[in-house]
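Take a look at the structure set out below.
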Amino acid sequence: MAEVKVKAQPPDADPVEIENRIIELCHQFPHGITDQVIQNEMPHIEAQQRAMAINRLLSMGQLDLLRSNTGLLYRIKESQNTGKMKGSDNQEKLVYQIIEDAGNKGIWSRDIRYKSNLPLTEINKILKNLESKKLIKAVKSVAASKKKVYMLYNLQPDRSVTGGAWYSDQDFESEFVEVLNQQCFKFLQSKAETARESKQNPMIQRNSSFASSHEVWKYICELGISKVELSMEDIETILNTLIYDGKVEMTIIAAKEGTVGSVDGHMKLYRAVSPIIQPTGLVRAPCGLCPVFDDCHEGGEISPSNCIYMTEWLEF
């Protein structure tokens, strides 16, 4: 197998890009976001860089600082949304409001027509006008290749719209997912092998064979095998497929607030496992554990006819 070269650490991110991403997150979560949310969305950004970006946005009056039961919250100032529709008529304001309420999942023109009760020709005219003002944008959805959804211009589309890191130009990157699957499993296997070679008692060996999703994410980032920026959520999705394959097991432990890789005081740990015997018959049917079961249908992007897990099960 060819040796994979370790990618050098990337330079510090552009402060403006960090600020723009924080603003996008605030638009996605209008009730406010915590520092933990920002950290989970941008794990590669140092705490000092995050603090500088937040302080700058606060000083410019773009964010409000609030206190809640869960701690400090950062929320976009309402004044940021005022004045955008100055000079627009009531119909245009109505369409803009409908699109704004849809959030980062967007809304089809058909649904805009249903909610606004406006003629389709009028809606198309309003949509073009709002797009020209850069108040909204049209995004192609992986759920329907010939249809577009509309959302506010400054929003980052939801993963359900773009397909996340696993899609490129609406095509599912199966080879890329397979490479990530192999590399994640290789890392956990290496971790387990190192634990076995330590010759310590079985309990210590077992505990030291676990790795957090942040450790796996860091390893994948250092390999430099991805052309897109992967989040820990992306890596956890890959690790979940390994769990469904019976190659990996997961446990959840308590963690101190602010610990890298923790969410709400909990951290997910993973380790490679080797089943003693192979399960047989219906126990191996993939549908019962499939995370995209609800999206699977004949003729769709995900269907029984192109499911590799179904093919393997039938061959068994």
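The values are calculated or read from the model by the stated rules, or taken from the named source; none is laboratory data. The model shown is predicted, which means the values in this text are computed figures rather than measured ones. Backbone-built Cβ (ideal geometry, glycine too); neighbour counts: all protein chains shown. We work out accessible area using only protein heavy atoms, side chains counted, and drop any ligands, DNA or RNA first. Shrake-Rupley method; radii C 1.70, N 1.55, O 1.52, S 1.80 Å.
Could you check the spin-label model distance between Q36 and M60? Points 7 Å from the Cα along Cα→Cβ, value in nm.
2.8
Tell me, what is the per residue accessible area of the chain in Å², probe radius 1.4 Å?
Each residue of the chain exposes 63 Å² on average to a 1.4 Å probe.
222 nm [θ] for the chain, helices only, -39500 (n - 2.57) per DSSP H run of 4+, per residue, to 500?
The helix-only estimate for the chain comes to -13000 deg cm²/dmol at 222 nm.
About the Cα centre of the chain, how large is the charge dipole given +1 on each Lys and Arg Cβ and -1 on each Asp and Glu Cβ? Please answer in debye to the nearest 20.
660
So which of K105/K218; K115/K140; K199/K256; K147/K186; K128/K218 end up more than 32 Å apart by C-alpha?
K147/K186; K128/K218
So if I take the centroid of the Cα atoms in the range 171-198 and the same for the range 284-303, what is the distance between those two points in Å?
24
So how far apart, in nm, are the two label points at R206 and A143 if each is 7 Å from Cα heading toward Cβ?
About 4.3 nm separates the two model spin labels.
Under a crude label model (7 Å from the Cα following the beta-carbon direction), how far is H266 from S174 in nanometres?
Computed distance between label sites H266 and S174 equals 3.4 nm.
Does a label point 7 Å from the Cα of A51, set along Cα-to-beta-carbon, have any residues of the range 232-246 with amide nitrogen under 12 Å, and which are they?
none
Within the range 112-131, whose backbone N sits under 16 Å from a point 7 Å along Cα→Cβ of Q97?
Within reach of a label on Q97, which here means backbone N under 16 Å from a point 7 Å along Cα→Cβ, the range 112-131 contributes 112-118.
Which whole-number percentage describes the relative contact order of the chain, with Cα contacts under 8 Å and a sequence gap of 6 or more?
Worked out over the chain, it gives 13 percent.
How big is the gap, in Å, between the Cα center of the range 13-79 and the Cα center of the range 205-227?
27
In degrees between 0 and 90, to the nearest 10, how far off the longest principal axis of the chain does helix 213-223 point, with axes built from Cα atoms?
Value to nearest ten degrees: 90.
What residue among T251, S274, Q39 has its Cα farthest toward the positive end of the dipole of the chain, where the charges are +1 on Lys, Arg and -1 on Asp, Glu, each on the Cβ?
Of T251, S274, Q39, it is Q39.
What is the range 15-76's relative contact order, in percent, from Cα pairs under 8 angstrom and six or more apart in sequence?
42
Could you tell me which of rounded, prolate or oblate describes the chain, using a ≥ b ≥ c as the square roots of the eigenvalues of the alpha-carbon gyration tensor, with rounded for a/c under 1.5 and, failing that, prolate when a/b is larger than b/c and oblate otherwise?
The shape class here is oblate.
What shape does the range 174-272 take by its C-alpha gyration tensor, where a ≥ b ≥ c are the square roots of the eigenvalues and a/c under 1.5 counts as rounded, a/b above b/c as prolate, and the rest as oblate?
oblate
How high is the relative contact order of the range 174-272, given as a whole-number percent (alpha carbon pairs under 8 Å, six or more residues apart)?
Worked out over the range 174-272, it gives 32 percent.
With r defined as the distance between the Cβ atoms of T194 and Y244 and R0 fixed at 30 Å, what FRET efficiency is calculated, to the nearest 0.05?
FRET efficiency, T194 to Y244: 0.75.
On a 0 to 90 degree scale, rounded to 10, what angle separates helix 232-244 from the longest Cα axis of the chain?
Value to nearest ten degrees: 50.
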